[in-house]
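Taking it in order: structure first as structure tokens, then the write-up.
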Amino acid sequence: MYALLILDIQVGLIHGPEKPWRCDELLETLNSLMNKARSAGAPIFIARHIGPAGSPIEQGSPLTLVAQELQLLGGEVVFEKRRPNAFAMTDLADNLHACGATGVVVTGMKTQYCVDSTCRAARDLGFDAVLIADGHTCSDTPLMKAEAIVAHHNATLNGPFCQLVRAEEWSF
């Protein structure tokens, strides 16, 4: 069984000064994936990134709240993380094992940080990792446009670190 993992779809990133590439489409895709997971009885895990004290995303900051555009129905497991890798210093792996998940479907933000490191870690921890090709995003950087960052990571991660699948082609 695969669990859905949604990384860092929170107020400070969705509504921050650096607008994520294809944000509205991403939110639609994530809501669709959550509906697919619910229909199949697959667990849904939602990570919120918490920064150090004094940062804009410190513990208790409204910027760390799950973005309201994500349609939560109450059965999701929402957890906090403090590292890009969602498995580091969290109980995500234990919770995946406890619910019988052998694989994890990785989605969310930001492609070059949390999505990348979580895909790599999932495989290292023995989980089948699936990256939804159109289910993650980031913002432009001074060196690269977000579209190129997403394309690069889809190409790089596919194979050695995960299986790359488009949202419309995935079923739980």
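Residue 171 - would you say it is over 29 Å from residue 17 (Cβ atoms), among the hydroxyl-bearing types (Ser, Thr, Tyr) and modelled with pLDDT of 95 or more? Yes; evaluated as a whole, the condition is true for this residue. Scanning the range 10-27 for residues that are within 21 Å of residue 172 (Cα to Cα) and within 14 Å of the chain's Cα centre (by Cα) returns 26, 27. Report yes if residue 166 is modelled with pLDDT under 95, charged (D, E, K, R) and surrounded by fewer than 21 Cβ atoms within 10 Å (Cβ to Cβ), otherwise no. No; evaluated as a whole, the condition is false for this residue. Each residue in the range 6-58 was checked for being modelled with pLDDT of 95 or more and in a strand (DSSP E or B), and 9 of them qualify. Taking every residue in the range 111-136 that is under 11 Å from residue 163 (Cα atoms) and pairing it with any residue that is of a type in the set (Gly, Ala, Ser) and part of a helix (DSSP H, G or I), at least 6 positions away or on another chain, the pairs with Cβ-Cβ distances below 6 Å are 129/122; 132/167.
Condition check for residue 118 on (1) over 25 Å from residue 141 (Cβ atoms); (2) modelled with pLDDT of 95 or more: one failure, at (1). If we scan the range 86-106, do we find a residue that is polar (S, T, N, Q), surrounded by 15 or more Cβ atoms within 10 Å (Cβ to Cβ) and in contact with a helix residue (DSSP H, G or I) (Cβ under 9 Å, 6 or more places away or on another chain)? No; the residues of the range 86-106 include none that is polar (S, T, N, Q), surrounded by 15 or more Cβ atoms within 10 Å (Cβ to Cβ) and in contact with a helix residue (DSSP H, G or I) (Cβ under 9 Å, 6 or more places away or on another chain). Among the residues of the range 56-83, the ones that are of a type in the set (Ser, Thr, Tyr) and exposed (fewer than 13 other Cβ atoms within 10 Å of the Cβ) come to 0 in all.
With respect to residue 149, determine if the residue is of a type in the set (A, V, I, L, M), at negative phi and in a strand (DSSP E or B). Here the answer is no, as residue 149 does not meet what is asked. If you take the residues of the range 142-155 that are touching a residue at least 24 places away in the same chain (Cβ under 8 Å) and not acidic (Asp, Glu), which of them is nearest to residue 20 (Cα to Cα)? Only one residue fits best here, namely 146. Please count how many residues of the range 107-132 are within 20 Å of residue 40 (Cβ to Cβ) and surrounded by fewer than 21 Cβ atoms within 10 Å (Cβ to Cβ). The qualifying residues number 1.
The values are calculated or read from the model by the stated rules, or taken from the named source; none is laboratory data. Because the structure is predicted, anything quoted here is derived from the model rather than measured. Note that each Cβ is placed from the backbone with ideal geometry, even for glycine, and that neighbours are counted across all protein chains shown.
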